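Report on one structure; see the data block that follows.
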């Protein structure tokens with residue numbers, strides 16, 4: 001068998017391959033040769049073969065059959081064998097394969113080898129890919145080497161220990177004694193790795209942290225020496241002495257000084273010194289400054305120092321190097337909440353970064369800009385942000401739009417400005433606006449009573465220009481439906497009123513219905529808007545015609561709406577004005593506090609917190625209110641609450657409930673249950689102030705000749721409803737209809753579904769307990785009929 | 001550091017050093033995606049990007065991209081210095097290093113890296129010391145078995 005070809009020759013050969021197929025052929029041929037060589041247990045060329053295999057592995061070809069060979073190389077006595085063997089182990093083996101455990105013994109032996117380079121190989125391999133089992137087995141050896149006087153080994157042992165601790169945190173204690181004199185080392189390699197080890201231990205254990213706080217003075221001294229000492233050629237990088245060590249020390253100081261006044265005080269001076277004396281012309285100096293700033297911001301530093309730190313970041317923002325700018329923006333983002341005023345001073349520079357070419361910088365600048373908006377700078381900032389919105393990449397538009405809405409809501413100097421800003425966003429980035437902005441905007445518009453005419457006019461004009469942006473179209477349709485009368489009567493005060501006729505308006509709305517650009521949701525808005533105009537415009541016949549056409553629309557939603565509107569025209573015309581009248585001002589739900597910009601790591605949107613409505617207050621017994629559970633649970637009566645949620649979960653919900661304005665006393669009572677002499681009638685009312693709640697009063701009467709005592713009425717409703725049961729008037733239903741027991745039930749019906757109820761009655765009659773279950777399904781449709789056609793929002 | 005990748009402008013991998021345990025399949029996937037992402041960056045863009053939950057620091061030296069993945073609390077700017085230091089070491093060792101040197105002597109590139117970085121952290125901050133160690137290790141010839149190498153037994 002000829003000698004296997006040399007590594008370099010193989011590489012040369014493979015590189016001559018002109019196609020992937022040719023390369024694959026060469027590789028396969030060589031792999032076959034290598035395999036046979038392995039089978040022959042050839043010691044001489046094993047090293048060469050494994051090296052070739054590693055090369056092919058890097059090209060992406062499978063090399064697992066070389067794993068055991070690596071182990072054999074590691075066990076060899078030759079240094080070159082070991083070198084390649086360990087390299088192979090690091091590349092081909094990982095802790096998932098059991099085979100790696102076979103290394104443990106070799107590594108153990110090599111850790112005790114007489115040659116430090118062999119020991120070094122073992123430490124390196126263990127520290128790079130040692131599994132937890134290996135670490136457990138070999139921690140003792142590592143600990144021993146941590147105490148050696150050989151600095152070459154000591155530094156490697158320190159990092160190996162870091163790896164061991166990461167894999168098996170319980171072993172951390174074991175290394176504690178060895179850390180005692182680590183910082184008295186002169187050797188920078190050992191110092192650097194020792195600081196890394198100490199950092200790891202402090203990060204993992206508060207006890208360690210407390211223990212190592214006493215090292216602060218020593219660390220400060222080392223850092224000081226690095227800064228003050230003259231030129232040291234061995235560690236110099238662009239005029240700075242060992243920047244790597246400086247940065248690691250600063251990082252450790254950060255951890256030690258955090259939430260500790262004494263430590264923070266002890267490092268104040270040195271931090272100020274580093275911050276002012278470090279040369280900033282090269283990246284390396286800025287790296288140290290960056291770490292210093294991070295440390296200052298994290299520990300309990302005095303305010304002067306903090307301002308110094310922020311100013312450093314401000315200077316970074318002006319640096320030509322975009323990496324520095326990026327790092328500055330990231331850091332400012334972290335501190336903007338705590339040091340808001342200091343960061344404000346750099347606002348204009350930050351805003352300039354919106355125009356940067358780099359995507360990451362732009363994103364950070366945008367997040368930071370939103371964080372800096374306040375009542376004083378809102379006009380200026382908004383101008384910049386709107387300009388940004390116009391010109392930015394699509395990936396930013398949604399977040400920017402949301403941010404603009406939030407900021408505008410919080411700080412709008414005037415209603416007119418607010419509406420204008422919204423208009424600007426809708427017209428420039430209308431397709432990127434989030435879906436839930438639409439109801440929010442509508443609520444906003446509704447509540448700006450004096451701006452109605454202006455708003456509807458501007459929206460109408462926008463529609464004439466462009467009907468492709470759905471959120472804009474939806475808001476516009478809604479407004480036209482609501483305020484169309486103001487539009488045609490030309491009542492606008494804020495600007496020159498436009499002349500528009502009813503027919504023109506209806507043309508536009510009908511245009512939306514037929515346009516291919518309109519989504520089904522938009523069409524729903526348009527149809528409803530047209531319907532609403534029937535009480536505001538005089539051209540009712542035209543509207544009737546449109547509505548009846550859509551009664552046979554393929555779109556089920558549209559069809560349903562049209563059919564119901566038709567019904568409204570025909571059978572319920574007397575109700576139409578009331579149903580379609582102007583929306584009342586909506587109560588503003590609590591918005592969240594200051595915009596929370598969450599520091600994100602990935603290229604994901606910042607979680608700009610939007611105005612959230614408080615979740616509906618769920619009663620714990622709601623679970624038991626599940627119809628199916630009624631049988632099991634004894635206590636189905638939900639917790640009686642004194643306060644009901646004033647607003648349902650979605651603004652859409654309350655807007656949907658137009659029927660709330662109607663008094664439902666017109667709904668006839670119904671008999672819910674009648675059996676064995678017990679009759680339970682339901683009567684209905686609407687609750688004030690919340691029109692979404694139906695108040696049902698039960699009247700229990702007893703036609704038998706004996707009283708029903710211990711009378712308990714329980715009710716359960718489907719999950720989509722919420723139920724509240726108030727106290728009964730009494731728990732004795734007198735015989736012979738001499739009196740009734742009344743009890744009030746309040747039902748919240750958010751989803752406008754048909755009400756169903758299961759009731760459970762227990763009482764004692766003539767000495768024996770009686771229990772019965774019944775379903776009540778005959779609620780009159782007027783009370784709860786699902787009426788999406790009158791849904792004004794979507 | 002979680003891993004370091006060296007790759008050419010055509011996306012060919014020249015060195016991969018992983019400091020976290022991942023399956024071969026995952027490594028390939030990460031490599032493929034990251035290479036694609038970095039190669040798509042324009043020259044004017046900064047050397048940092050966020051990718052998954054890591055920070056990626058990359059720099060191009062002639063035809064080779066040096067790419068490191070670091071964690072949230074790591075300092076990006078000093079990582080650039082680490083990359084630069086590695087390039088300097090290669091340069092000193094090979095004498096005006098170019099991509100071909102790394103292709104034909106990939107195992108040496110790994111050895112040098114392993115004398116500079118261990119477990120993802122720098123183990124030696126002096127250029128001189130790293131090069132000295134490599135030099136001396138290289139002197140342990142293939143034919144020399146180790147029990148003859150007592151003269152290399154270390155003292156401080």
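No lab work stands behind these numbers, since they all come straight from the coordinates. What you see is a predicted model; the values in this text were computed from it and never measured. Reconstructed Cβ throughout: ideal geometry from the backbone, glycine too, with neighbour counts over all protein chains shown.
Could you give log10 I(q)/I(0) at q = 0.06, 0.07 Å⁻¹ for the protein assembly as shown, computed by the Debye formula over C-alpha point scatterers of equal weight, without solvent?
The calculated log intensity ratios at q = 0.06, 0.07 Å⁻¹ are -0.66, -0.81.
Would you mind pulling out the separation of the Cα centroids of segment A:729-774 and segment A:282-312, in Å?
A separation of 71 Å, based on Cα centres.
Grab the beta carbon distance between residue B:25 and residue A:391, set R0 = 35 Å, and tell me the FRET efficiency rounded to 0.05.
Step by step, r from the Cβ atoms, then E = 0.25.
If each residue's Cβ is checked for other Cβ atoms within 10 Å, how do A:236, A:358 rank with the fewest at the top?
A:236, A:358
Please work out the FRET efficiency for the pair residue A:348 and residue A:507, using the Cβ-Cβ distance as r and a Förster radius of 35 Å; give the result to the nearest 0.05.
0.15
Can you pull the one-decimal nm distance between simple spin-label points at residue B:135 and residue A:450, each 7 Å off the Cα toward Cβ?
8.4
Working from Cα positions, state the angle (0 to 90°, nearest 10) between the long axis of helix A:261-277 and the longest principal axis of chain A.
70
Based on the Kirkwood radius over alpha-carbon pairs, what value in µm²/s does the Stokes-Einstein equation return for the translational diffusion coefficient of segment A:311-437 at 4 °C and 1.567 mPa s?
For the chosen part, D equals 88 µm²/s.
7 Å from Cα along Cα→Cβ at both residue A:744 and residue A:581: what's the point-to-point distance in nm?
Going by the 7 Å Cα→Cβ label model, 2.5 nm.
Need one number: nm distance between label points at residue A:671 and residue B:88, each 7 Å from Cα along Cα→Cβ, rounded to one decimal.
Each label point is offset 7 Å from its Cα along the Cβ direction, giving 9.8 nm.
Counting other C-beta atoms within 10 Å, which of A:392, B:98, A:47 has the fewest, and how do the rest follow?
With the sparsest Cβ surroundings first, the list reads B:98, A:392, A:47.
Among B:8, A:132, A:552, rank each residue by its count of other Cβ atoms within 10 Å, from fewest to most, as a rough exposure measure.
In order of increasing Cβ crowding within 10 Å: A:552, A:132, B:8.
For residue A:552 and residue A:28 in the same chain, what is the full-extension length gain: residue separation times 0.36 nm, less their Cα-Cα distance, in nm?
181.8 nm
Compute and list, largest first, the equivalent-ellipsoid semi-axes of segment B:3-155 from the alpha carbon gyration tensor, each √(5λ) rounded to a whole angstrom.
Square roots of five times the eigenvalues give 30, 16, 16 Å.
Between residue A:410 and residue A:303, take the C-beta separation as r, use R0 = 30 Å, and let me know the FRET efficiency to the nearest 0.05.
Plugging the Cβ-Cβ distance into 1/(1 + (r/R0)^6) gives 0.65.
How big is segment A:1-140 on each of its three principal axes, counting only the C-alpha atoms and giving the largest first in Å?
That works out to 52, 28, 23 Å along the principal axes.
Is the shape of segment A:276-338 best called rounded, prolate or oblate, per the rule: a/c under 1.5 gives rounded, else a/b larger than b/c gives prolate, else oblate, with a ≥ b ≥ c the square roots of the Cα gyration tensor eigenvalues?
oblate
If you line up the long axis of helix A:43-58 against the longest principal axis of chain A, both from Cα atoms, how many degrees apart are they, to the nearest 10?
It works out to around 30 degrees.
Please report the Cα spread of segment A:138-230 along all three principal axes, rounded to whole Å, starting with the longest.
41, 30, 17 Å, listed from the longest principal axis down.
Treating the angle as unsigned and between 0 and 90°, give the value, to the nearest 10°, between the Cα long axis of helix B:24-39 and the longest Cα principal axis of chain B.
Approximately 60 degrees, to the nearest 10.
Quick one: P(r) of segment A:328-374 from all Cα-Cα pairs, 5 Å bins, percents rounded to integers, in order of increasing distance.
5, 26, 39, 20, 7, 2
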